[in-house]
Amino acid sequence: MRPNKKIFISVCIVIGIFFIVEAAGFYMARSVHSSDREVMTLDRDALMAKNRELWQKISSLSPKRVHIVVDTAKNILYLRNGNRIIREMVVSCGSGNILEDPAGDRVWVFDTPRGEHTVKSKLVHPNWVRPDWAFIEEGEPIPQNTTDRMQEGVLGDYALGLGNGYFIHGTLYTRLLGRNVTHGCIRVGDEDLKKIFKTTPIGAKVTVF
């Protein structure tokens, strides 16, 4: 065989091997890219499924009916129906003051309790049953008889009970609305209180933050 013919055959073999390797690389790359696309699709589907699940959880936590949201820092009460604000009201929340029993065995912190509550009762022309701290604060002896604790007219025309002695109620001190001055209850002006009372059913959620 002539040398030139040998060289030509060798070049052809090298070129053939080159194309075989390139073709194999192309199909491997194509296979990898296809696999990547499948992984990306699976990741996207999983993320969308998680988002749907999270949204369902958030939606389930958001009351669909009338509920109340109270911002204790801004002293704002929002009466809401679902995501719609029915009325925004200036209120007074807990002062954060601390009172110690002179006997030394009790301490009261006058904060509006944050968290999730419900309207447990609705009262018309409620009387205030003064707790022990009310007498200690005034330097008065604590009565043993419940009737001596009753006080009329200080809670306004209506009150919505949240439990543990906390209420959304009226106030004689409307000039103090918008300030943190209460012993933990939420004080509301007359017209706003009337709206809350007539609109909010027993069992409605009250969120305080």
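Taking TYR158 and the conditions (1) aromatic (Phe, Trp, Tyr); (2) touching a residue at least 24 places away in the same chain (Cβ under 8 Å); (3) surrounded by fewer than 17 Cβ atoms within 10 Å (Cβ to Cβ), which numbered condition does it fall short on, given that it satisfies the others?
The single condition TYR158 does not satisfy is (3).
Could you list, in sequence order, all residues of the range 161-172 that are surrounded by fewer than 21 Cβ atoms within 10 Å (Cβ to Cβ) and either of a type in the set (D, E, K, R) or without any contact (Cβ under 8 Å) to a residue 40 or more places away in the chain (or both)?
Listed by number, the residues that qualify are GLY165, LEU172.
Could you pull out the residue among SER121, SER95 that is in contact with a His (Cβ under 8 Å, 6 or more places away or on another chain) and either closer than 23 Å to GLY156 by Cα or acidic (Asp, Glu) (or both)?
SER95
Tell me the residue from THR146, THR200, THR182 that is over 21 Å from ARG65 (Cβ atoms), surrounded by 19 or more Cβ atoms within 10 Å (Cβ to Cβ), in contact with a strand residue (DSSP E or B) (Cβ under 8 Å, 6 or more places away or on another chain) and not acidic (Asp, Glu), please. Can you show your working first?
Numbers: THR146 fails: surrounded by 19 or more Cβ atoms within 10 Å (Cβ to Cβ); THR200 fails: over 21 Å from ARG65 (Cβ atoms).
Checking each option against the conditions leaves just THR182.
Checking the structure you have, find out if any residue of the range 124-144 is within 16 Å of LYS195 (Cα to Cα) and at pLDDT 95 or above.
yes
For GLU191, state whether it is without any contact (Cβ under 8 Å) to a residue 40 or more places away in the chain, outside any helix (DSSP H, G or I) and of a type in the set (Asp, Glu). Before you say what the answer is, go through the steps one by one.
Details: without any contact (Cβ under 8 Å) to a residue 40 or more places away in the chain: yes; outside any helix (DSSP H, G or I): no; of a type in the set (Asp, Glu): yes.
No; evaluated as a whole, the condition is false for this residue.
Which of the residues belonging to the range 102-123 are of a type in the set (D, E, K, R) and modelled with pLDDT of 95 or more? Break it down stepwise before answering.
Here is the first cut: in the range 102-123, the ones of a type in the set (D, E, K, R) are 105-106, 111, 114, 116, 120, 122.
ARG106, ASP111, ARG114, GLU116, LYS120, LYS122, listed by residue number.
For the structure I just gave you, tell me whether GLY184 is at pLDDT 95 or above, closer than 22 Å to ASP105 by Cα and among the small types (Gly, Ala, Ser).
Here the answer is yes, as GLY184 does meet what is asked.
Being under 23 Å from GLY178 (Cβ atoms) and without any contact (Cβ under 8 Å) to a residue 24 or more places away in the chain is the filter here; which residues of the range 98-133 pass it?
Within the range 98-133, ILE98, VAL109 qualify.
The values are calculated or read from the model by the stated rules, or taken from the named source; none is laboratory data. Because the structure is a prediction, the values reported are computed rather than measured. Cβ atoms come from the backbone with ideal geometry, glycine included; neighbour counts cover every protein chain shown.
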